[in-house]
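K.L.:
My structure is below; once you've seen it, I'll send some questions.
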C-alpha cells in the first residue's frame, strides 16, 4: 500500500515538473537575441498563436507582434513604427543590463524597444531580468520581483486585443497599409475627455471637431471619469471602467457569433479591434480550427460600410465616389491629379485665373460646371439664400469663388482648395465648379465622369449658346483690331521712338505715370554720389553695386545703392535701344511692395546704364545666415519665421499681384536684402528681360505676359532646368520651360536654409547624409528628429524653438513640398503662405526625389 502511495506521489511530482517546464519554456532570459534570417527569428507565446520578432516590411524588416496565420500573418503591434525598415544583418537583443534593443549593425546604431523603468514610489531605476509573450498578445518585461515594468499593451499602434484597454487621451493611428507598410497612416481614433470615441484624419488641427467622421456619441451618457475603450477575450468591445462596469457596448461578438452559431471544431478565437488603413474601425475574429493550420478571419463589426464617409480618403480638390464596395478618388473638372498613380494625394487646378473679369466688368475666360449629389467640408465665406441659377452666376462673377454648394435654397461659396469631397446619391446638393475656357477639355465630361456609370455625377456646362456668341464677337473684334493695328503700327512706333529719345537726352526729366515716379540721373551725377564708385557693396550676375549719397532736398541726404550694369547688349539703333531700356525700367518701377527693393531712378547715356535702388543697411540674408561669427548675430526663431513669410509675400506679389507676372528665377539668400527694421526684401527682379533682348514668353493658361528675372544659380535651380544651363537662354525660353514653379523650388531651398542656418550644399559635415540639405531634412522628418536641424540652439535650450515645435514641423513640410522634383507637386505661392500661417492643412510630403520612381 505504501509503495502505491509513493509511486503516485512520484508521478504527480514528475507531471508538475513537466507542466512547469512547459510554462517556463517561453520565458525570455537576458542575453537572448533574434535575427531576421536565422533561427530564432521570433519568440512565441505559450499557445503558439502569437509571435514577437522580425517580420518582412517593404524592402527590409520591422519589429513587432503578429497573430500567426496561413498563408498570411496579421501584425497587431509595431515597435518604433515610423523608423525605416532595417536590413537582414540587424538583431534584436535582450541585453545583460535589461534593455530590449534593435541593433542596426549596417548603420552602427541602437534603437530602444523597451528598457529601464523608474519606480514612482522610490524614484529608482527598475531593470528587467526576463520577458514573456502572453497568449493575449501582450509582450511584457519583468524585474527581480516579477513585477511588470513595461508592456506592449500600454502603447498600442492601430490595434487593441482581448483584455487590452485604450485609456483616456490614448489613440490608435492607422497604418499606411495593413499588408505592407505599418508606419503611421492618415487616420487616428481618440478617446476624448468628453467621453466620446472619435475618428479624425491625422492632419486635422487640434483636432478640429468639424473634421471628425465617426464618433461613439457617448458624451451624453454621463460616464465616470475613468471611462476607457476595452475589448475582452469574448469579443465584447465596450466603453467603461472594466468588464463589471460596461457603460456602452459598441460590439458584442460573444453573442452574435458564438452563442448564435456554436462550432465545436473551433479550438480558440482571438479578437482584435483595428483602425484599418482606410480609416474604418472594425472588430475582427480569428478562429483556429482543431487539427488544421491557420485561422478563419472574419469581420464581426464595422463602424460603417461606406468608405467614402471617411474624411480625407481623397486629397485636396478631389472627391470620393463608391462604385459598389470599392471607393475611387476623382478630380473635380478643371483639376488634374498630382500623381495619376496615387490619386488619393489630391489634385491641382490645370489653369491659373489671373483675372476672372475683363476690363469692362464682364465675365472673363471662365465658366461654371455643375455636379449633382456632391458635397465637401469646410467653412464657406458666403452663405446667402437665393435661386440655383443665381448661385451659379454669383460664383462666376466673384473673383474669390472657386466653387459653390447649393442646397436648402442657400448658396455657399468657397475658396480653393476644396477639402473632403464625397458623392452620395441621397444628397440633394448641386456643386458649381469654376473652370477655364482656355484649357482643352475644360468643357468636356472627364473620363471618370461618364454618364454610363451610375456611380458618377452628370456634368453639365451651362449657357453654351452664350459662350458661342461671346467667342464669335471676340473673333470678329480681333480681326478688325488686327487691321487697324497693321495700318497704324509704323506711325505709332516712329512717334514713340522720337518721344523716348527726347526723354533719354533730358537727364533731369523723370518718368512719371499715375502710379509711380522715377528720376533720371546723369552719369556724372551718380559718379559724384558714389565718390567715383569707391565703396563696393556687392557683385551680381548683371553688375556691381556701390554705395552712394544723394541730396534729398533741404539739408537731408539719402543713402542709395547704385547698380552699374555690365555686358549690356547693343542694338542697331541708339534710339531703339534707349526706347526699349526705358520701357522695361518703367515696368520694374511699377512694382511697389514692402518686400521688394524699390527702384528709385536710372541713368542711360550711350552704353552706360545704371539703376538706383533704396539702400538696405543690414546687407543680404546670406551674410545674416552663413557669415555670423556668434549666435547673437543670427536671427532668432521667431525672426526666421517672419523672414520666410516676408520672402513668400514678395514672391506672391511678383507672381500674382503686379501688372505683369514676373518669374524671378534667381531666388537665393544673396538676392534677399535686409532693411533697417530687418524686413526681408527681394532684389534683382526683372533684370533678365531688361538686359537680354527679345526674351519673353507666356506661361500656358495665362492671359498676360511673363517677365523673366535674373538667371538661376545651380544650387537653387529647379530640376526641370537642369541639363539646360549650357543652352542659349533664348532657346530655353522658346521651349516654354519657364514656370512660376521654378521660383517655388528655389524658395523651398531658401526656406530650409533659413530653418537650419546653413547652405543647401555643405561639404564639411560629420555625416555624408547631411551634405545635401533637403535629403538630410527629409531623413530627420521621417525619423522624428527635427531637433537636429536647429543643432546647438536646441542643445542650449532655446525656449522659442522648443515651444514652437509645431511651427518647425509645419515649415519643414512646406519646404519639402516646394523642393519636389515634379513641378506639378509643388504648391502655388499663395498655398505656401496659407500653409506657413497655419490656415491650411499640410499632407505628409513624399521624398523630394523618389516620388516619380515609385
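Readers should treat all values here as calculations from the given coordinates under stated rules, not as data from a laboratory. Source: prediction; values computed, not measured. Here Cβ is always computed from backbone atoms with ideal geometry, including for glycine, and neighbour counts include all displayed protein chains.
K.L.:
Given segment 25-155 reduced to its alpha-carbon atoms as identical point scatterers, what log10 I(q)/I(0) does the Debye formula return at q = 0.10, 0.14, 0.17, 0.21 Å⁻¹?
P.N.:
Debye curve over Cα of segment 25-155, log10 I(q)/I(0) at q = 0.10, 0.14, 0.17, 0.21 Å⁻¹: -0.30, -0.60, -0.88, -1.32.
K.L.:
Let me ask you something else. Between residue 372 and residue 768, what is 0.36 nm times their sequence separation minus the Cα-Cα distance? Round to one decimal in nm. Intermediate results must be reported in sequence, preceding the final value.
P.N.:
Working: separation 396, 0.36 × 396 = 142.56 nm, distance 5.44 nm.
Contour length minus the Cα-Cα distance gives 137.1 nm.
K.L.:
Length gain on complete extension for the stretch residue 656 to residue 557, per 0.36 nm per residue less the alpha carbon to alpha carbon distance? If you can, show how the numbers build up before the last one.
P.N.:
Details: separation 99, 0.36 × 99 = 35.64 nm, distance 3.53 nm.
Between residue 656 and residue 557, full extension yields an extra 32.1 nm.
K.L.:
Take peptides 758-769, 269-280, 294-305 and line them up by average Cβ neighbours within 10 Å, highest first, as a rough protection proxy.
P.N.:
Numbers: 758-769: 11.9, 269-280: 22.8, 294-305: 15.4.
Result, highest mean Cβ count within 10 Å first: 269-280, 294-305, 758-769.
K.L.:
Once the piece of chain linking residue 88 and residue 783 is laid out straight, how much longer is it, given 0.36 nm per residue of separation minus the C-alpha distance between them? Walk me through the numbers on the way to the answer.
P.N.:
Values: separation 695, 0.36 × 695 = 250.20 nm, distance 1.98 nm.
Full extension from residue 88 to residue 783 adds 248.2 nm.
K.L.:
Using the per-residue mean of other Cβ atoms lying within 10 Å as a proxy for protection, in what order, highest first, do the peptides 589-602, 520-533 fall?
P.N.:
Working: 589-602: 19.3, 520-533: 17.0.
Answer by packing, highest mean first, reads 589-602, 520-533.
K.L.:
So how far apart, in nm, are the two label points at residue 388 and residue 154 if each is 7 Å from Cα heading toward Cβ?
P.N.:
Those two pseudo-labels are separated by 6.0 nm.
K.L.:
Mind giving me the FRET efficiency for residue 592 and residue 535? R0 is 30 Å, r the Cβ-Cβ distance, nearest 0.05 is fine. Can you show the working numbers first?
P.N.:
Working: r = 28 Å, r/R0 = 0.92.
Once the sixth-power term is evaluated, E becomes 0.65.
K.L.:
Using 1/(1 + (r/R0)^6) with R0 = 51 angstrom and r between the beta carbons of residue 59 and residue 399, what's the FRET efficiency to the nearest 0.05?
P.N.:
On the way: r = 49 Å, r/R0 = 0.95.
Rounded to the nearest 0.05, the efficiency is 0.55.
K.L.:
Let me ask another. Calculated FRET efficiency, residue 528 and residue 839, Cβ-Cβ r, R0 56 Å, to nearest 0.05? Intermediate results must be reported in sequence, preceding the final value.
P.N.:
Values: r = 51 Å, r/R0 = 0.91.
E between residue 528 and residue 839, to the nearest 0.05, is 0.65.
K.L.:
Note down the nm distance, to one decimal, between modelled labels 7 Å out along Cα→Cβ at residue 470 and at residue 103.
P.N.:
Those two pseudo-labels are separated by 7.2 nm.
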